[in-house]
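The values are calculated or read from the model by the stated rules, or taken from the named source; none is laboratory data. All figures in this text were calculated on a predicted structure; none of them were measured in a lab. Glycine gets a Cβ as well: all are built from the backbone with ideal geometry, and neighbour counts include every protein chain shown. Accessible surface is based on the protein model in full, side chains and every heavy atom, while ligands, DNA and RNA are left aside. Shrake-Rupley method; radii C 1.70, N 1.55, O 1.52, S 1.80 Å.
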Amino acid sequence: MNYLSTRGNYKKVTAAEAIKTGMVPSGGLFVPETFPKFTAEEIKAMANMSYQEKAEMVFSKYLTDFTADEIKKCINGAYNTVNFTNDKIAPVVKNGDNFYILELWHGPTAAFKDMALQIMPYFLTTSKAKLNDKSETVILVATSGDTGKAALEGFKNIDGIKIVVFYPVDGVSEVQKLQMATTEGNNTNVIAVEGNFDDCQTAVKNIFADRELKAKLIEKGIELSSANSINWGRLLPQVVYYFHAYGEMVRTGEITFGTEIDFCVPTGNFGNILAGYYAKKMGLPVKKFICSSNKNNVLADFFATGKYDRKREFHKTMSPSMDILISSNLERFLFDLTGGNGELISKWYDELALKGEFSVGEDIKKVMDEVITGDYCSEEETEKTIKEIYESTGYVLDTHTAVAYKSAKAKFEGRKVVIDSTASPYKFSNSVVKAITGKEHKDEFEAVKEVSLLSKTEIHRALDGLKEKKVIYNRVVKKSEVEASVKNILKL
Ligand SMILES: *Cc1c(COP(=O)(O)O)cnc(C)c1O
């Protein structure tokens, strides 16, 4: 299996090279050159397999330069019951007659990013070893909350890697701040930046673009890398849970094998839903994907009209991990729909950069309509959905999952729908409690306790005892000092 650039501007590379390189240096994203297909028998057999066994089947199709033993080691290091509090890894919970909730948040940080970020460090170290790359990798992350902590947990104490996370000092919740600032590990660093998320992201991008710094780093045997969802090593793990969810539906008798179902995905950067689309291409019986956005509805408009228009106001919402105007992984989806037309993708993305919009035209729009339905959910509807589902079923949704639940109901076409649940309600306790009870807690940890009472569940391990944990990182820097702080950490 080789990997190509979505913009037709790079040589073919192996999986190890794609994972080590991250983004295509000249712009563009790595995609597999073909989509291997499972037979119906193979998919049927998955119903009786563990999560880990399903992962092995999927990974062995794509990581053809890894040995079976290497793949097993990566899986065992990541998907075990030390890291995940549920032995199914991602349980499927029935909610009403037609809706099923795929809980992707039983990992160490209570957000679905753990599904990928627990295994990606193993993929990366295996890839480096394969390529005989002895340099030290320094992962720089700008985060608005969830990614930072998930990346810290994934990469902490991994040999040959250092990780530095930057977050906006007033741009994350108290819980998110504490989650990051209390991270243990001999190779981690967390720094607050006086500015907003964009300032953090721009500062990190500038570091990547600094040639002088790069030369210095090479001299010292250091390579910079990132942990965001444009890396193939973060996307591939997500394909697994689509097969897993379907297998669980068959195993528990909710559907017979071969029945088509729909998936509804709360979407930001389009990574999660794209992984589902890739599973469909590999033979999974899925009819449609419902792409659900919050008030930042650029994707819902795109799927309705075929025109991607980023020229609009950015809204801060109660589902902050979906507050995004440019969904990077959409590029991979469009590459596939155009039959791998790198030239056309380049043209569209040049237009997006220059004019803030591009249109895909009638033909592509028709193909899109067959597989994806877009929808979006306002802030009021998000609250209303949390309250309604709690009152009718006792299940407590987090704000992101609630966005998707609203869309699953709005776009229901008679098939069973699996709703990807991307965060534990504990992670967004304030908003969840307010939606259900109308109460607003000053102390977020009081809201955490209330979520436990409402849902009759134990507080998620990621949040339990967090308030008492020792704060290890409390540095705050100006945005102009971000680069200096990295140099300082790397002793340059
Ligand atoms: C990252 C995130 C999303 C968005 O996922 P994408 O793959 O970027 O579409 C949704 N919900 C939560 C809780 C997240 O952390």
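Return the pair list, or none, for Cβ contacts closer than 6 Å from residues in segment 258-277 that are under 17 Å from V239 (Cβ atoms) to residues that are within 6 Å of the ligand (Cβ to nearest atom) and assigned to a loop (DSSP other than H, G, I, E, B), at least 6 apart or on different chains. Pairs that qualify, where the first residue is under 17 Å from V239 (Cβ atoms) and the partner is within 6 Å of the ligand (Cβ to nearest atom) and assigned to a loop (DSSP other than H, G, I, E, B), are N269/S229; G271/S229; I273/T267. Listed by first and then second residue, the pairs linking a residue in segment 23-48 that is closer than 25 Å to G340 by Cβ and touching a residue at least 12 places away in the same chain (Cβ under 8 Å) to a residue that is of a type in the set (V, I, T) and surrounded by 14 or more Cβ atoms within 10 Å (Cβ to Cβ), with Cβ atoms under 6 Å apart and 6 or more places separating them unless they lie on different chains, are M23/I230; G28/T6; L29/T6; L29/I230; V31/T6. Checked against the criteria, M46 does not count as touching a Lys or Arg at 6+ places or on another chain (Cβ under 7 Å), within 16 Å of the ligand (Cβ to nearest atom) and of a type outside the set (D, E, K, R).
Here are some residues: S321, S327, S293. Which one is of a type in the set (S, T, N, Q), modelled with pLDDT under 95 and open to solvent by less than 10 Å² (accessible area, probe 1.4 Å)? Give the derivation first.
Working: S321 fails: open to solvent by less than 10 Å² (accessible area, probe 1.4 Å); S293 fails: modelled with pLDDT under 95.
So the residue among S321, S327, S293 that is of a type in the set (S, T, N, Q), modelled with pLDDT under 95 and open to solvent by less than 10 Å² (accessible area, probe 1.4 Å) is S327.
I'd like to check which helices (runs of 4 or more DSSP H) are fully inside segment 404-492 and have at least 3 residues that are closer than 19 Å to S319 by Cβ.
Details: elements: 429-437, 444-455, 482-489.
Passing ranges, in order: 429-437, 444-455.
Scanning segment 127-144 for residues that are farther than 23 Å from I191 by Cα, more than 13 Å from the ligand (Cβ to nearest atom), modelled with pLDDT of 95 or more and open to solvent by less than 10 Å² (accessible area, probe 1.4 Å) turns up at least one hit.
Given the criteria aliphatic (A, V, I, L, M) and within 16 Å of the ligand (Cβ to nearest atom), does L325 qualify? Considered against the rule, which asks whether it is aliphatic (A, V, I, L, M) and within 16 Å of the ligand (Cβ to nearest atom), L325 comes out as yes.
Every condition in (1) buried (at least 23 other Cβ atoms within 10 Å of the Cβ); (2) away from the ligand (no atom under 13 Å from the Cβ); (3) under 25 Å from F99 (Cα atoms) is met by T259 except one, and the failing one is (1).
Listed by first and then second residue, the pairs with beta-carbon distance under 6 Å, at least 6 apart or on different chains, first residue in segment 325-338 and of a type in the set (D, E), second buried (at least 18 other Cβ atoms within 10 Å of the Cβ), are E331/T6; E331/L29.
Which residues, taken from segment 68-87, are among the hydrophobic types (A, V, I, L, M, F, W, C), more than 23 Å from F38 (Cα to Cα) and either open to solvent by 20 Å² or more (accessible area, probe 1.4 Å) or part of a loop (DSSP other than H, G, I, E, B) (or both)?
First pass over segment 68-87, keeping only residues among the hydrophobic types (A, V, I, L, M, F, W, C): 68, 71, 74-75, 78, 82, 84.
Narrowing further to those that are more than 23 Å from F38 (Cα to Cα): 78, 82, 84.
V82, F84, listed by residue number.
If you scan segment 145-161, which residues turn out to be small (G, A, S) and either open to solvent by 10 Å² or more (accessible area, probe 1.4 Å) or away from the ligand (no atom under 16 Å from the Cβ) (or both)?
Pass one, segment 145-161, residues small (G, A, S): 145, 148, 150-151, 154, 160.
Residue satisfying the conditions is G160 alone.
Could we say that V482 is in contact (Cβ under 8 Å) with a residue 40 or more places away in the chain and under 24 Å from G154 (Cβ atoms) here? Against the criterion (in contact (Cβ under 8 Å) with a residue 40 or more places away in the chain and under 24 Å from G154 (Cβ atoms)), V482 qualifies.
When you look at L224, is it away from the ligand (no atom under 16 Å from the Cβ), farther than 18 Å from F38 by Cα and hydrophobic (A, V, I, L, M, F, W, C), yes or no? Yes: the conditions hold for L224.
For segment 146-161, a residue qualifies if it is farther than 29 Å from E446 by Cα and part of a helix (DSSP H, G or I), and exactly one does: F155.
Taking into account only those residues within segment 262-283 that are out of contact with any strand residue (DSSP E or B) (no Cβ under 6 Å at 6 or more places or on another chain) and not hydrophobic (A, V, I, L, M, F, W, C), which is farthest from the ligand (Cβ to nearest atom)? First the steps, then the outcome.
Within segment 262-283, the first condition is being out of contact with any strand residue (DSSP E or B) (no Cβ under 6 Å at 6 or more places or on another chain), and the residues that meet it are 268-271, 274-275, 277-279, 281-283.
Add one more test, that the residue is not hydrophobic (A, V, I, L, M, F, W, C), and what stays is 268-269, 271, 277-278, 281, 283.
Working: G268: 3, N269: 3, G271: 3, Y277: 12, Y278: 13, K281: 17, G283: 22 Å.
Within segment 262-283, the match that is farthest from the ligand (Cβ to nearest atom) is G283.
Within segment 151-162, the set of residues being hydrophobic (A, V, I, L, M, F, W, C) and under 24 Å from E194 (Cβ atoms) comprises A151, L152. Applying the criterion of at least 3 residues that are open to solvent by 20 Å² or more (accessible area, probe 1.4 Å) and in contact (Cβ under 8 Å) with a residue 60 or more places away in the chain to the helices (runs of 4 or more DSSP H) found wholly in segment 162-242 leaves 197-209.
Scanning segment 275-293 for residues that are out of contact with any Leu (no Cβ under 7 Å at 6 or more places or on another chain) and not in a strand (DSSP E or B) returns G276, Y277, Y278, A279, K280, K281, M282, G283, L284, P285. Scanning segment 389-433 for residues that are within 14 Å of S455 (Cα to Cα), surrounded by fewer than 23 Cβ atoms within 10 Å (Cβ to Cβ) and either within 16 Å of the ligand (Cβ to nearest atom) or not acidic (D, E) (or both) yields Y390, S392, T393, G394, Y395.
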